[in-house]
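Beneath this line is the structure, given in structure tokens, with notes to follow.
Derivation of every value follows stated rules applied to the coordinates shown; laboratory data play no part. Quick caveat: nothing in here was measured; it's all calculated off a predicted structure. Neighbour counts are summed over all protein chains in view; Cβ atoms, including those assigned to glycine, are modelled from backbone coordinates with ideal geometry.
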Amino acid sequence: MKKEDCIFCKIANGEIPTNTVYEDDRFRAILDNGPATKGHTLILPKEHYADLYELPEDTAGAAIALAKKLAARMREKLHCDGVNLVQNNGAAAGQTVLHFHLHVIPRYEDDGQKILWDPTKPSDEELKAVCGELAGE
Ligand code: 5GP
Ligand code: ZN
């Protein structure tokens, strides 16, 4: 997809009005328009990066630092009981908008949302084999 057609580029750069909770020269943080919970926020870099693989390391670090700031604000102002950071890459992982975004989702006791996964039960051998594939350079 071309950057010119990217809805999050337009939102991040102010071409489409949205509910902005934070803005600086690199990021805009907006309310998700289909929120999991009250205060569900998306951190959007103003530059177009499709996903985590394209995101420069320093921008990744700055996005997490901003998530930390927003999480503190959510606890203070919305009185949430917890926060999930969610970041989807690829259709298999549930990414629907191909402009990197980091979800900051305030959680409330009994909010009824299920953001966690169903654990599987691999054997020790299977875990060791995966570890062998993944570890190292
Ligand atoms: P993904 O599934 O790609 O990680 O998340 C995309 C998120 O963007 C969804 O939670 C969806 O509700 C939100 N979203 C999609 N389009 C818009 C939009 O135009 N405005 C806002 N504020 N949120 C959007
Ligand atoms: Zn974009």
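Keeping to the range 29-54, report how many residues are within 12 Å of ligand 2 (Cβ to nearest atom), within 16 Å of Q95 (Cβ to Cβ) and not hydroxyl-bearing (S, T, Y).
Residues of the range 29-54 within 12 Å of ligand 2 (Cβ to nearest atom): 44-51, 54.
From what's left, within 16 Å of Q95 (Cβ to Cβ): 44-45, 48-51, 54.
This time we only want the ones that are not hydroxyl-bearing (S, T, Y), so: 44-45, 48, 50-51, 54.
Going through the range 29-54 one residue at a time, the tally reaches 6.
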Checked L42, L98, L52 against criteria (of a type outside the set (S, T, Y), within 27 Å of I16 (Cβ to Cβ) and in contact with a strand residue (DSSP E or B) (Cβ under 9 Å, 6 or more places away or on another chain)); the one match is L42
Complete set of residues in the range 69-104 that are in contact (Cβ under 8 Å) with a residue 60 or more places away in the chain and crowded, with 17+ Cβ neighbours inside 10 Å = L98, H99, H101, L102, H103, V104
Which members of the range 12-28 meet the condition of being farther than 21 Å from G90 by Cα, of a type outside the set (D, E) and either loosely packed, with under 12 Cβ neighbours inside 10 Å or within 13 Å of ligand 1 (Cβ to nearest atom) (or both)?
-> I16, P17, T18, N19, T20, V21, R28
Output yes when any residue across the range 30-42 is within 20 Å of T96 (Cβ to Cβ), without any contact (Cβ under 8 Å) to a residue 40 or more places away in the chain, within 11 Å of ligand 1 (Cβ to nearest atom) and among the polar types (S, T, N, Q), and no when none is.
-> yes
Sole exception among (1) in a loop (DSSP other than H, G, I, E, B); (2) over 16 Å from the mean Cα position of the chain (by Cα); (3) aliphatic (A, V, I, L, M) for V130, by number | (1)
Of the numbered conditions (1) out of contact with any Pro (no Cβ under 9 Å at 6 or more places or on another chain); (2) within 16 Å of ligand 1 (Cβ to nearest atom), A63 fails exactly one; give the number of that condition.
-> (1)
So how many residues does the range 2-11 have that are away from ligand 1 (no atom under 13 Å from the Cβ) and touching a Leu at 6+ places or on another chain (Cβ under 9 Å)?
-> 0
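Which of the residues spanning the range 23-47 are within 15 Å of the chain's Cα centre (by Cα) and over 19 Å from Y108 (Cβ atoms)?
F27, R28, A29, I30, N33, I43, L44, P45, K46
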Hits in the range 1-22 (condition: assigned to a helix (DSSP H, G or I) and either over 17 Å from the mean Cα position of the chain (by Cα) or at positive phi (or both)) = K3, E4, D5, K10
Quick one: which residue in Y49, Y53 is touching a Phe, Trp or Tyr at 6+ places or on another chain (Cβ under 7 Å) and within 22 Å of D5 (Cα to Cα)?
-> Y49
